[in-house]
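What follows is a set of notes on a single structure, which appears directly below.
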Amino acid sequence: MKLFDLHCDTLLRCYLENCGLCRNDGHLDLEKMERGGALAQCFAIFLPFEGLLRDGRRLRPYELFQDIHRLYEREMEQNAGRIAPTRTLQELKAHQAAGVISSVLTVEDGALLEGRLERVKELYEKGVRMLTLTWNYDNCIGSPNSAKPVEHAKGLKLFGFQVLEEMERLGMVVDVSHLSEGGFWDVARVSRKPFVASHSCARALCDHPRNLTDAQLRALADHGGVVGVNYNAEFLRCNSKRTCVDDILRHVEYMLQVAGSDAVALGSDFDGITCELELADYGETGKLVQALAHRYPDFLVEKICCQNALRVLKDCLGRRNDQ
Ligand SMILES: [Zn+2]
């Protein structure tokens, strides 16, 4: 079974720990991906909102992005033949035919835009194909998820709507994981293309504001989008510190029932989560695939593991005809 995982934070880990993609002590490296059966991986450049102290200097999210992007390009070059940057569906197909894993570059936290619309195009030209609009802080695009109802109801800012329009024009995937519920509904209202929640779970099963309500899951599905199930224990089961395969299955099953078979995908959040995991790392994803295969027919397992995410890329990438 080939896998397409919509979110990991491995690049920041490589940056902070001076380790490489080829082999490291984290959740995800090339060896583990090859063992797990990776077809494609979304690699997020996660940007801490307050920036990062590096060599005595505080790097703003935008500066940090440049640094991690250089690391990313270096890694892609050094590991050419095993993994390759992927900007179009045609590239993905070519990599698949050559037995090379596809890397889709994403950015987590639109704060790096700093209110400058031209930066969306700059990201696009640097190969970024998905943007997680917010992380857990207010930014120039919108507001984050919150346990406080007033905060959670906050919608997108004016600049946020402009960003959506520009992303749609260029052909980038909008990611609403971490976004406020008000922001989510703004995206749902104006988006003409599918959008995703790259790493979120079902709120009905675990009442955490990072998770999606039934209405949100249905709206994602209605737009042709997907939700990537997150392996983080506290999103799967309240107050849990350990993720079992069964916890992931419970959310997959529920989301299939509520949103349908076209709307569920994988969004591990590997290297971004610190809980204990029954799937210790990417290399053990086979345990999840086996459990899915035990429960569902092959075509459905394929949809969850890969085909649904592929379809969203196909529908979102590529510029609008008027460009
Ligand atoms: Zn995240």
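Using C-alpha pairs under 8 Å with a sequence gap of at least 6, the mean separation divided by the residue count of the range 1-74 gives a relative contact order of 34 percent. Distance distribution P(r), the chain, all Cα-Cα pairs, bin width 20 angstrom from 0: 35, 62, 3 percent.
Descending by average beta-carbon neighbour count within 10 Å, the peptides 48-61, 244-257 line up as 244-257, 48-61, the highest first. The fraction of all Cα pairs in the range 245-285 landing in successive 10 Å bins from 0 to the largest distance is 25, 50, 26, given as whole percents.
Across every pair of non-identical alpha carbons in the range 87-176, the mean reciprocal distance, once inverted, gives a Kirkwood radius of 14.1 Å. Cross-link partners for LYS303 among the lysines, with Cα-Cα distance under 30 Å and sequence neighbours closer than 8 places in the same chain left out: LYS2, LYS32, LYS93, LYS126, LYS193, LYS241, LYS287, LYS314. Couplings for the range 202-216, taken from phi via the Karplus curve 6.51 cos²θ - 1.76 cosθ + 1.60 with θ = phi - 60°, read 8, 5, 5, 9, 8, 7, 10, x, 6, 8, 9, 6, 4, 5, 5 Hz in order; Gly and Pro are left as x. Each residue of the range 61-69 is assigned a 3J(HN,Hα), and the resulting list reads x, 5, 5, 4, 4, 4, 4, 6, 5 Hz, derived from the Karplus form 6.51 cos²θ - 1.76 cosθ + 1.60 (θ = phi - 60°), x at Gly and Pro. Taking amide H positions as modeled 1.01 Å from N, with prolines and chain starts lacking one, the residues under 5 Å from SER198 and 5 or more places away or on another chain are VAL176, SER177, GLY228.
Binning at 5 Å from 0, report for the range 155-231 what percent of all alpha-carbon pair distances ends up in each bin. Percent of Cα pairs in each bin: 3, 17, 29, 26, 16, 7, 2, 0.
Database remark: amide H of MET130 closer than 5 angstrom to the amide H of VAL107, VAL173 (H placed geometrically; neighbours at sequence offset of 5 or more, or on other chains; Pro and chain starts carry no H). Of all the options LEU71, LEU266, LEU16, the one that moves most in a Gaussian network model of the chain with Cα springs shorter than 10 angstrom is LEU16. In this structure the amide hydrogen of PHE43, modeled in the peptide plane, comes within under 5 Å of the amide hydrogens of VAL104, LEU105, THR106, none closer than 5 places in sequence on its chain.
Among beta bridges from DSSP that stay inside the chain, the antiparallel ones total about 10%.
Taken about its Cα centre, the range 166-323 carries a charge dipole of roughly 380 debye when the Cβ of each Lys and Arg holds +1 and the Cβ of each Asp and Glu holds -1. Rolling a 1.4 Å probe over the protein heavy atoms gives the range 3-316 an accessible area of 39 Å² per residue.
The portion of the accessible surface of the chain made up by carbon and sulfur, rounded to a whole percent, is 48 (1.4 Å probe; DNA, RNA and ligands excluded). Quick one: compute the contact order of the range 3-316, relative version, from alpha carbon pairs under 8 angstrom and 6+ residues apart, as a percent. About 19 percent, as a whole number.
The values are calculated or read from the model by the stated rules, or taken from the named source; none is laboratory data. Keep in mind that this is a model prediction, so the values were computed, not measured. Neighbour counts run over all protein chains shown; Cβ positions are idealised from the backbone, glycine included. Just so you know, the surface numbers come from the protein's heavy atoms only, side chains and all, with ligands and any DNA or RNA stripped out. Shrake-Rupley method; radii C 1.70, N 1.55, O 1.52, S 1.80 Å.
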